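Scroll down for the structure; my scribbles are underneath it.
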Amino acid sequence: MKRILYLMYVCLLCGCSVKENMVSIRQVENKGYVVLRMRKDMTQIHSLLYPVSFEFKKNVRGNIYYFENSYFAKNEEICPGTAGCHIWSTNGNKDLMSSYKRFDGTIKYIIDKDRNLQDNMADEYKRMLVEKKDTIHVSLEKFKDKHSELVKTYFEGDSIILHFHNHKKWIDVPVRMTFE
């Protein structure tokens, strides 16, 4: 089921008029893979790349493009923040359209120092050792089915500020992430 999150600029937060609604955003379901990477010494899983997707559209005339984001993790010990969150346009063009345009990305979580995360990833760790791989891909659906409590505990509550520009001013849109 597609979970959609609509946010319309800061109007919802500040109560400004609908005329100032410059960008609409919705977080959409990603059908990608969670990527697990092993430490170089092969003693445990080092990091987890979690896929995310958004759709952006402009609500005004003129050029608006996606520039970058600032990522704020609820659990700062496992996420490097903005440096670990990358979002890109599916066609390489960051200009927004009058209809929704998809942008995909990943959030990097560093999990090797958290014993609880390591214990939860024991099956994946064993699989990596058996297959002699330092990286594996787990479907997002399978990962969420198996690790739903982990996702709720560690990832839910993170937020992101998406930064857009219209060649005159910055448009910053805060979004609370959802991992359901």
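Some points to look at:
- The chain: angle of helix 122-131 to the longest principal axis, Cα-based, in degrees nearest 10: 70
- Diffusion coefficient (Stokes-Einstein, Kirkwood radius over C-alpha pairs, 25 °C, 0.890 mPa s) for the chain: 141 µm²/s, rounded to a whole number.
- For S47, residues with placed amide H under 5 Å, excluding near neighbours: R37, I111
- In order through region 61-72: 3J(HN,Hα) via Karplus (6.51 cos²θ - 1.76 cosθ + 1.60), integer Hz, x for Gly, Pro: 6, x, 8, 9, 9, 6, 10, 6, 9, 10, 10, 10
- Interchain or long-range residues, amide H under 5 Å from V28's placed H: S53, F54, E55
- For the chain, averaging the sequence separation of C-alpha pairs within contact (under 8 Å, six or more residues apart) and dividing by the residue count gives a relative contact order of 27 percent.
- Inter-label distance for V130 and K168, nm, one decimal - labels placed 7 Å from Cα along Cα-to-Cβ: 6.1
- Signed unit charges on C-beta, dipole axis of the chain, positive-most listed residue Y125, T135, N30: N30
Read the figures in this text as sums done on the coordinates, not as results from a lab. These figures come from a predicted structure and were not determined experimentally. Ideal geometry is used to build each Cβ from the backbone, glycine not excepted, and the neighbour counts take in all protein chains shown.
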